[in-house]
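As structure tokens, the structure follows; a few thoughts come after it.
The values are calculated or read from the model by the stated rules, or taken from the named source; none is laboratory data. This is a predicted model, so every value here is computed, not measured. Cβ: placed from backbone, ideal geometry, glycine included. Neighbour counts: every protein chain shown. Side chains included, ligands, DNA and RNA excluded: accessible areas come from the protein's heavy atoms. Shrake-Rupley method; radii C 1.70, N 1.55, O 1.52, S 1.80 Å.
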Amino acid sequence: MEDLGGLAYTIFTAWLAVIVVCIMLPSMFGVSLGISEVYMKILVKMLEWATLRIQKRFEEHKKIRIVASNVIIERDESPMETEIVGLRQSRSQFLQRGDFELSDVFYFSKKGFEAIVEDEVTQRFSSEELISWNLLTRTNNNFQYLSFRVTLIWVLGVFVRYCILLPLRVTLATIGISWLVIGATLVGQLPNGRVKNWLSEKVHLVCCRICARALSSAIQYHNKENRPQKGGICVANHTSPIDIIILTNDGCYAMVGQVHGGLMGVIQRAMARSCPHVWFERSEMRDRHLVTKRLREHVFDKEKLPILIFPEGTCINNTSVMMFKKGSFEIGGTIYPVAIKYDPQFGDAFWNSSKYTMVKYLLRMMTSWAIKCNVWYLPPMTRQEGEDAVNFANRVKSAIAKQGGLVELTWDGGLKRDKVKDSFKEEQQKNYSKIIAGENVLPKEN
């Protein structure tokens, strides 16, 4: 028994030594030993081989055709007026006030069928379809048993992910969170000043870099000259809770959120001692004016870290950007837009909160191959004269969508859990009533 105990102690000591020397110390100084790069190259080669095998098998059996998209409906994005005019027999009828054409029904029927078969909203809250199976997840519904070699590689992958990578990543995540709680608590005892702020930033950076290594993250940051500055607001599209780790791996931010209990509450209280994060009680979150006031006070203090906000308010599946809520753009100050785009080939970063709990989601992340993504820092933007908060939010959203190669949607991400607001229905009804009343007429041709 003593020999077994000594052997277990030796293995545990060697395990920690490898983690500290090869992962923790490099991450603390923001350097890489090249291990992750080699790992990613091996992954790419393996997935390319598997893809070729799958494609070859498909060609042999002529059963399945790989497609880049699972879109069923090709939508016409023309406005209501244009589409209804196309359904009417002549423009002269369209220009008469008070007219109603039976053909108008076809427009609303068409939109209704599109919503039933494949609406634009709900498909943004499910994992995006993969072009080919990545030996990890079956978001490609066409996958089936292909060959013994591919199956063997998958079995070996399961062993590597669950028996090697998962223990390693759990160890790193535990160390990173412990570092944050202990380090932030100790730094919080110091008097306010530059030394405290500097140490606090170092504690947060080291913690996030360790946690990023716990996810085998491969992150590329573009246009670093546009990184958010103190006294500003950083806004980004939202795919996953790990967006925070991805961004704070390259710089520190002040977080905004609701006060929680349990382990999350312990972490929040420790962070608040060393850094001016903005945490709200549940009752305060309902008071919009109070929230705006506290955020404005933070922003106009040029010594405080930039605030990190995700204006969508919920996670979207890495294909689109949905409506930005205007609250973040009413505060004032400079907006620093950031676009985040994940590569689904190595792992699905999207958190479907209606399907997975946080624990299950983190388990999926820690058993994926890796988390690879690109982050683009866009030039800072300010509210123009005469521009309201809604138009400003839409302008920032458009810039993020264009840079990240994401589809820009006008829908509210809150539809993930709520019904369509009556105001939206009423707006469509008003638009049609204007057509009937002849207020929205098209110019006559010469």
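Quick one: would you say Thr185 is of a type in the set (Val, Ile, Thr), open to solvent by 30 Å² or more (accessible area, probe 1.4 Å) and modelled with pLDDT of 85 or more? Yes, satisfied. Based on this model, can you work out whether Ala212 counts as more than 29 Å from Arg395 (Cα to Cα) and crowded, with 19+ Cβ neighbours inside 10 Å? It is true that Ala212 is more than 29 Å from Arg395 (Cα to Cα) and crowded, with 19+ Cβ neighbours inside 10 Å. The strands (runs of 3 or more DSSP E) falling completely within the range 248-351 that include 2 or more residues that are open to solvent by 20 Å² or more (accessible area, probe 1.4 Å) map to 254-258, 335-342.
Against the list (1) open to solvent by 30 Å² or more (accessible area, probe 1.4 Å); (2) closer than 22 Å to Gln403 by Cα; (3) touching a residue at least 60 places away in the same chain (Cβ under 8 Å); (4) not small (Gly, Ala, Ser), the condition Val235 fails is (1).
Sort through Lys397, Lys402, Lys421 and tell me the only one that's of a type outside the set (A, V, I, L, M) and either modelled with pLDDT under 90 or touching a helix residue (DSSP H, G or I) at 6+ places or on another chain (Cβ under 8 Å) (or both).
Working: Lys397 fails: either modelled with pLDDT under 90 or touching a helix residue (DSSP H, G or I) at 6+ places or on another chain (Cβ under 8 Å) (or both); Lys402 fails: either modelled with pLDDT under 90 or touching a helix residue (DSSP H, G or I) at 6+ places or on another chain (Cβ under 8 Å) (or both).
Among Lys397, Lys402, Lys421, only Lys421 is of a type outside the set (A, V, I, L, M) and either modelled with pLDDT under 90 or touching a helix residue (DSSP H, G or I) at 6+ places or on another chain (Cβ under 8 Å) (or both).
Taking the range 366-412 as the range and being assigned to a helix (DSSP H, G or I), surrounded by fewer than 20 Cβ atoms within 10 Å (Cβ to Cβ) and under 14 Å from the mean Cα position of the chain (by Cα) as the test, only Ala401 passes.
Remark: pairs (first residue in the range 345-360, in contact (Cβ under 8 Å) with a residue 60 or more places away in the chain; second residue among the hydroxyl-bearing types (Ser, Thr, Tyr) and in a helix (DSSP H, G or I); Cβ separation under 7 Å; 6+ apart in sequence or on different chains) = Trp351/Tyr361.
Condition check: among the charged types (D, E, K, R), at pLDDT below 90 and surrounded by 20 or more Cβ atoms within 10 Å (Cβ to Cβ). Does Arg194 satisfy that?
On the way: among the charged types (D, E, K, R): yes; at pLDDT below 90: yes; surrounded by 20 or more Cβ atoms within 10 Å (Cβ to Cβ): no.
Here the answer is no, as Arg194 does not meet what is asked.
Can you say whether Ser240 is in contact with a Phe, Trp or Tyr (Cβ under 6 Å, 6 or more places away or on another chain) and crowded, with 20+ Cβ neighbours inside 10 Å, as far as the supplied structure shows?
For Ser240, the condition - in contact with a Phe, Trp or Tyr (Cβ under 6 Å, 6 or more places away or on another chain) and crowded, with 20+ Cβ neighbours inside 10 Å - is met.
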